[in-house]
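The values are calculated or read from the model by the stated rules, or taken from the named source; none is laboratory data. Just so it is clear, the structure is predicted and the values come from calculations on it, not from any experiment. Virtual Cβ from ideal backbone geometry, glycine too; neighbours counted across all protein chains shown.
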Amino acid sequence: MKTRGEMATYMRGSVARIGVKFDKPDDDWVATLVASGSEGVRVYSLMPDLFEPGATKTGTWRWLPELVKKENVRCLGLVMSTWALKEDERKELRREKGPNASFGDHPNAREQVWIAAIDRVGEEFWIAEIVRREDAPPTLGKWERPDFDTIGGDAVSALRSILRGDS
């Protein structure tokens, strides 16, 4: 894979293939990094490192700049499952439950899988809603491009910087 578009297509297919193997209602997609370079495609599970305090700025990505250089990595992909809320709902939740409240605690929260595909030129993002039922494994809704061009966030910012050689 040489472009973010190719990476995004690969990542959506991978997420779908993993979901087909689920057999319990609480199965979930693991945070995963995919690197494509001269040595082919490499897949790295990021659990639980990604969610340690400060991990996206320190330990989780510490090994990545060397890999990017050594294997001439051209594209990176990141998959995560997360909760989403509209901005006004986020503010309401934080007012009621404090700044560290989980988005999943809000009654209107939507669980989703998101993909960030990054090359040296730009980023491409995709989101699919996770549909859960009590008696069946989760499934994915339709993949959609969000109505924004970039996601800030520590993880994507760190990957963007590493791939472009800024760190």
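Total residues in the range 83-140 satisfying the condition of being in contact (Cβ under 8 Å) with a residue 24 or more places away in the chain, touching a strand residue (DSSP E or B) at 6+ places or on another chain (Cβ under 7 Å) and not acidic (Asp, Glu): the figure is 20. Would you please name the residue that is farthest from Gly5 (Cα to Cα), looking only at residues in the range 106-119 that are in contact with a helix residue (DSSP H, G or I) (Cβ under 6 Å, 6 or more places away or on another chain) and not β-branched (Val, Ile, Thr)? Top of the filtered list is His106. Taken together, the residues in the range 100-119 that are loosely packed, with under 14 Cβ neighbours inside 10 Å and modelled with pLDDT of 85 or more amount to 2.
Taken as a whole, the condition of being modelled with pLDDT under 85, among the β-branched types (Val, Ile, Thr), buried (at least 17 other Cβ atoms within 10 Å of the Cβ) and within 13 Å of the chain's Cα centre (by Cα) does not apply to Val79. Of the candidates Leu163, Leu85, Leu64, the single residue that is surrounded by 16 or more Cβ atoms within 10 Å (Cβ to Cβ), at pLDDT 85 or above and more than 16 Å from Thr32 (Cα to Cα) is Leu163.
If the requirement is being modelled with pLDDT of 90 or more, farther than 18 Å from Ser102 by Cβ, aliphatic (A, V, I, L, M) and out of contact with any Asp or Glu (no Cβ under 7 Å at 6 or more places or on another chain), which of these qualifies: Val73, Val30? Step by step, each of Val73, Val30 is checked, and only Val73 is modelled with pLDDT of 90 or more, farther than 18 Å from Ser102 by Cβ, aliphatic (A, V, I, L, M) and out of contact with any Asp or Glu (no Cβ under 7 Å at 6 or more places or on another chain). Total residues in the range 1-37 satisfying the condition of being assigned to a loop (DSSP other than H, G, I, E, B) and either in contact with a helix residue (DSSP H, G or I) (Cβ under 9 Å, 6 or more places away or on another chain) or of a type in the set (Lys, Arg) (or both): the figure is 8. A single member of Ala109, Ala158 is more than 17 Å from the chain's Cα centre (by Cα) and of a type in the set (A, V, I, L, M), and it is Ala109.
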